[in-house]
């Protein structure tokens, strides 16, 4: 049986998940999320007003321009190394790359372009802007012959997470089952206490812990390459700086929140990024870690206020739209505080700009 009220094709994520659960029993939350998001991103372009959500590069060109200035600055202070590669993980429509690379070129920084993307629909969008780019399905095929300038904006949040819940019987993995044709989360039957830190063993019944093994694996691969080849990685996403508890799994459809277990494959499933763990992984590879800090503080520290003022002077009829975009990107009640920014650099690369902690009063 399939979920009530849905027209589910033979190739849909809901049908695939339902069949697997009915045949083999409950599956891990990570597997559920992986199948759902693979189908979702393969199905079309999810961005913009007509999609399900809007990312920072789509809000204003200022976002990509600031990233371009930031990369060009550290590249210049490194001594303009040749044969660099611009790498973007999950580049969406290519909007961020377009704004960043245009800005970088003004400073003589003109790297080869590589996109790590699996969505056919988004690859098509990206190829319209960058027909000469090189596409990769996996991190492992990235070039190994020069420094890497890596950007990951809202990439890690879409990667699968696993959840563990404290029960009367001990720690159990959160699984996804079916009940009356609906997908539901349940506690597994097997003990996973050996996967839980001893410092967490006395947490109250019902406590949920999250982890993202695939995020750790990807960052480990990238960090190993940076340590060997040189370069920098910039991560921008919503998440948390210190370990915490509770579920952060969420789903968005038509710009509104829905249950993550409603219509898998037709909504964007995400979870908050564990910057604490990612930073520790980078440090174990002998990279220098900078941040995380708030997106609003970082953008202001590298000059978005000045860029906004300049744009308002250039196109005064767009002054209010520019002001609104600046507010959305930087204000603490918008994206300014929820989104975090972290960088990891090879030990022989300069310290990047922007990682200061300004007073909250500046985010107005």
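Details
- Among the residues of the range 286-309, not a single one is closer than 21 Å to residue 163 by Cβ and either surrounded by fewer than 17 Cβ atoms within 10 Å (Cβ to Cβ) or more than 15 Å from the chain's Cα centre (by Cα) (or both).
- Which listed residue, of 273, 232, 222, is in contact (Cβ under 8 Å) with a residue 24 or more places away in the chain, over 16 Å from the mean Cα position of the chain (by Cα) and either assigned by TED's automatic domain parsing to the domain that holds residue 336 or crowded, with 19+ Cβ neighbours inside 10 Å (or both): 232
- Selection count where residues are on the phi > 0 side of the Ramachandran plot and either touching a strand residue (DSSP E or B) at 6+ places or on another chain (Cβ under 6 Å) or modelled with pLDDT under 95 (or both), scope the range 251-300: 5
- The residue that is surrounded by the fewest Cβ atoms within 10 Å (Cβ to Cβ), counting only those in the range 4-19 that are touching a helix residue (DSSP H, G or I) at 6+ places or on another chain (Cβ under 8 Å) and at pLDDT 90 or above, is 16.
- Selection within the range 60-89 - at pLDDT below 95 and within 19 Å of the chain's Cα centre (by Cα): none
- The criterion of at least 3 residues that are out of contact with any helix residue (DSSP H, G or I) (no Cβ under 6 Å at 6 or more places or on another chain), loosely packed, with under 14 Cβ neighbours inside 10 Å and outside the structural domain of residue 271 (by TED's automatic domain parsing) is met, among strands (runs of 3 or more DSSP E) falling completely within the range 104-207, by 182-191.
- Qualifying residue in the range 323-334 (condition: on the phi < 0 side of the Ramachandran plot, touching a strand residue (DSSP E or B) at 6+ places or on another chain (Cβ under 8 Å) and free of Cβ contacts under 8 Å to residues at least 60 places away in the same chain): yes
- Residue check for residue 350: under 25 Å from residue 215 (Cα atoms) and either modelled with pLDDT under 95 or surrounded by fewer than 17 Cβ atoms within 10 Å (Cβ to Cβ) (or both): no
- Scan of the range 22-41 for residues that are more than 25 Å from residue 157 (Cβ to Cβ) and in a helix (DSSP H, G or I), ordered by number: 22, 23, 24
The values are calculated or read from the model by the stated rules, or taken from the named source; none is laboratory data. Nothing here was measured: the structure is a model prediction, and the numbers come from that model. In this analysis, Cβ positions are derived from the backbone assuming ideal geometry, glycine residues included, and neighbour counts consider all displayed protein chains.
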